[in-house]
Amino acid sequence: MRKEDTVTTYIDQYTPEIKSRLNQIRAVIQEAASSATESISYGMPAYKTYKKPLVYFAGYDQHIGFYATPSGHSEFADELSNYKQGKGSVQFPHDEELPIELISRIVSFRVKENQQKYGK
């Protein structure tokens, strides 16, 4: 991985406000998925366990995109219903507090899911 392709470099390109929010999400993922590998994939921070996708996130002008594959979103559909969504994606607007506890639970769910599917 080239230096400019690190998650830190990705986050550093944003304004201080967005950078802070991206770092919050990164910290939550690192805590809930301590064994995950971190990289850049599809142009955004990506995390894998068992060499399989876990979650991704990305910064935008008006929101942060969070991608936990369709299963991560369908499992928490009720709690995510207040946010704009697509298949396997949810948008957390910058003018609202990040749902840190919910993000942590989604990541933990995905860790367990990957472990059940791909673990030894």
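The values are calculated or read from the model by the stated rules, or taken from the named source; none is laboratory data. Here the structure is a predicted model, which means the values were calculated and not measured. Every residue, glycine as well, gets a Cβ built from its backbone with ideal geometry; the counts of neighbours run over all protein chains shown.
Before moving on, here are some points about what is shown:
- Every listed requirement among (1) surrounded by 12 or more Cβ atoms within 10 Å (Cβ to Cβ); (2) at pLDDT below 95 is met by residue 14 save one, (2).
- Residue 103 being surrounded by 13 or more Cβ atoms within 10 Å (Cβ to Cβ), under 20 Å from residue 12 (Cα atoms), aliphatic (A, V, I, L, M) and at pLDDT 95 or above: no
- Counting the residues of the range 77-91 that are touching a strand residue (DSSP E or B) at 6+ places or on another chain (Cβ under 9 Å) and either at pLDDT 95 or above or outside any strand (DSSP E or B) (or both) gives 7.
- One residue stands out among those in the range 69-89 that are in contact (Cβ under 8 Å) with a residue 40 or more places away in the chain and of a type in the set (S, T, N, Q): the one that is surrounded by the fewest Cβ atoms within 10 Å (Cβ to Cβ), which is 71.
- The listed residues are 55, 7, 28, and the only one of them that is in contact with a Pro (Cβ under 6 Å, 6 or more places away or on another chain) and of a type in the set (Val, Ile, Thr) turns out to be 7.
Matching residues to (1) under 22 Å from residue 114 (Cα atoms); (2) of a type in the set (Gly, Ala, Ser); (3) out of contact with any strand residue (DSSP E or B) (no Cβ under 9 Å at 6 or more places or on another chain):
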site	(1), (2), (3)
10	no, no, no
16	no, no, yes
21	no, no, no
27	yes, yes, yes
35	yes, yes, no
44	yes, no, no
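- Some residue of the range 29-41 being on the phi < 0 side of the Ramachandran plot, surrounded by 15 or more Cβ atoms within 10 Å (Cβ to Cβ), outside any loop (DSSP other than H, G, I, E, B) and in contact with an Asp or Glu (Cβ under 7 Å, 6 or more places away or on another chain): yes
- Residue within the range 107-116 that is farther than 15 Å from residue 11 by Cα, basic (Lys, Arg) and either at pLDDT 95 or above or assigned to a loop (DSSP other than H, G, I, E, B) (or both) present: yes
- Among the residues of the range 42-76, the ones that are more than 16 Å from residue 108 (Cβ to Cβ) and in a helix (DSSP H, G or I) come to 1 in all.
- Tabulated pairs, the range 6-27, first in a helix (DSSP H, G or I), second at pLDDT below 95, C-beta under 7 angstrom, 6+ apart or interchain: 9/3
- Whichever residue in the range 59-83 is more than 11 Å from the chain's Cα centre (by Cα) and small (Gly, Ala, Ser) and, among such residues, is nearest to residue 98 (Cα to Cα): 81
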